[in-house]
Amino acid sequence: MSAELLATRHNATLIVTMSNPGKRNALHPDMTAAAIETLATAGRDDSIRMVVLTGADNFFCAGGDLTRLMENRALPRAVQAGSIDLLNGWVDALRDCPKPVIAAVDGAAAGAGFSLALACDLIVAGASAKFLMAYVNVGLTPDGGGSWFLHQALPRQLVTELLMDGRPVSAERLFQLGLVNRIVPDGSALDAALEWADQLAGRSPNAVQRIKALVREAATSTLAEHADAEKHSFVESLHHRDAQEGIGAFLEKRTPHYR
């Protein structure tokens with residue numbers, strides 16, 4: 001079987017599964033193009049409130065296909081540049097999708113697979129899951145925004161270690177560093193992510209989507225700019241039907257039900 005992207009539903013959550021049998025779900029342009037389209041569709045579908053990104057067969061993603069990369073060495077440089085542009089489009093789609101995205105990582109997230117996990121809003125990992133920026137091990141440098149995401153979250157010395165050392169890092173260490181949100185028993189990352197997604201899907205869709213946008217924009221905003229964005233978001237949220245339901249439910253001591 002060839003590389004493909006599988007999309008299935010679980011309640012209000014869209015499950016996006018990377019599948020490349022025999023290659024530990026290594027990335028392929030067809031998979032990447034499908035992911036961009038799938039996430040764009042999810043963003044427009046009001047029945048979808050959460051997205052979970054995972055890999056088939058209890059393995060998240062091995063990153064780039066080294067056989068295909070070696071073949072690309074014989075082609076014009078623009079070919080590989082185009083593949084990376086496509087990968088960057090997937091990263092943008094994860095960040096721009098208004099619905100929160102949870103990465104469910106079992107096995108390992110390597111290279112661009114690690115970058116994709118970092119592009120998600122939340123990460124649930126199996127206890128034995130490994131994360132590695134493996135590029136340096138084969139004479140390459142990061143892509144998919146991996147070095148940017150790490151630099152946003154960690155001190156420079158730790159980022160340099162992860163990128164230059166090239167050895168696997170445990171889910172436990174990334175949990176201690178704040179990059180992984182939850183560690184669960186091996187083989188249960190997807191189930192745990194779906195359970196969490198069900199809980200978050202019960203929150204105000206308007207508020208959740210606005211929070212994702214605020215967090216994304218904070219990385220490039222001054223405090224004054226961000227405070228203004230928060231003000232606008234708060235006022236708009238107050239006058240949204242979700243606030244009427246949420247505040248009303250609190251005052252009436254009942255569980256809110258958002259449409």
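Considering each of A35, A26 in turn, give the residue that is in contact with a strand residue (DSSP E or B) (Cβ under 8 Å, 6 or more places away or on another chain), in the same structural domain as P98 (by TED's automatic domain parsing), closer than 17 Å to A108 by Cβ and not basic (K, R).
Step by step, each of A35, A26 is checked, and only A26 is in contact with a strand residue (DSSP E or B) (Cβ under 8 Å, 6 or more places away or on another chain), in the same structural domain as P98 (by TED's automatic domain parsing), closer than 17 Å to A108 by Cβ and not basic (K, R).
Restricting attention to region 168-185, which residues are part of a helix (DSSP H, G or I) and polar (S, T, N, Q)?
Our first condition is that a residue be part of a helix (DSSP H, G or I); within region 168-185, this holds for 171-177.
The one that is part of a helix (DSSP H, G or I) and polar (S, T, N, Q): Q176.
Quick check: anything in region 26-39 assigned to a helix (DSSP H, G or I), modelled with pLDDT of 95 or more and of a type in the set (S, T, Y)?
There is at least one residue in region 26-39 that is assigned to a helix (DSSP H, G or I), modelled with pLDDT of 95 or more and of a type in the set (S, T, Y).
For region 228-259, what are the residues that are of a type in the set (K, R), more than 15 Å from P205 (Cα to Cα) and either in contact with a His (Cβ under 9 Å, 6 or more places away or on another chain) or part of a helix (DSSP H, G or I) (or both)?
Scanning region 228-259 gives a single hit, K231.
Restricting attention to region 64-81, does a residue exist that is under 27 Å from S204 (Cβ atoms), buried (at least 22 other Cβ atoms within 10 Å of the Cβ) and of a type outside the set (D, E)?
Taking every residue of region 64-81 in turn, none turns out to be under 27 Å from S204 (Cβ atoms), buried (at least 22 other Cβ atoms within 10 Å of the Cβ) and of a type outside the set (D, E).
Given the criterion of a type in the set (G, A, S) and more than 19 Å from A112 (Cα to Cα), identify the matching residue among A3, A12, A26, A33. If you could, list the steps in order and put the result at the bottom.
Numbers: A3 fails: more than 19 Å from A112 (Cα to Cα); A26 fails: more than 19 Å from A112 (Cα to Cα); A33 fails: more than 19 Å from A112 (Cα to Cα).
So the residue among A3, A12, A26, A33 that is of a type in the set (G, A, S) and more than 19 Å from A112 (Cα to Cα) is A12.
Is it the case that region 226-238 has a residue that's at pLDDT 95 or above and within 30 Å of D57 (Cβ to Cβ)?
no
Could you say whether any residue in region 181-193 is modelled with pLDDT of 95 or more and over 30 Å from H28 (Cα atoms)? Don't jump to the end; show me each part of the working.
The initial filter retains those residues of region 181-193 that are modelled with pLDDT of 95 or more, namely 181-193.
Now narrow it down to the ones that are over 30 Å from H28 (Cα atoms): none.
No: zero hits.
Return yes or no: is L179 under 20 Å from the mean Cα position of the chain (by Cα), within 28 Å of M50 (Cβ to Cβ), without any contact (Cβ under 8 Å) to a residue 40 or more places away in the chain and in the same structural domain as G63 (by TED's automatic domain parsing)?
no
Out of region 186-207, which residues are closer than 21 Å to V16 by Cβ, in a helix (DSSP H, G or I) and over 16 Å from the mean Cα position of the chain (by Cα)?
D191, E195, D198, Q199, A201, P205, listed by residue number.
Quick check on this structure: which one of R210, R173, R254, R156 is more than 30 Å from V138 (Cβ to Cβ), within 25 Å of the chain's Cα centre (by Cα) and at pLDDT 95 or above?
Just one listed residue meets the conditions, R210.
Name, by its number, the condition in (1) touching a helix residue (DSSP H, G or I) at 6+ places or on another chain (Cβ under 8 Å); (2) exposed (fewer than 15 other Cβ atoms within 10 Å of the Cβ); (3) more than 30 Å from I15 (Cα to Cα) that does not hold for A224.
(1)
The values are calculated or read from the model by the stated rules, or taken from the named source; none is laboratory data. For clarity, every value in this text was computed on a predicted model and none was experimentally measured. A quick note on method: Cβ atoms are made from the backbone with ideal geometry, for glycine too, and the neighbour counts reach across all protein chains shown.
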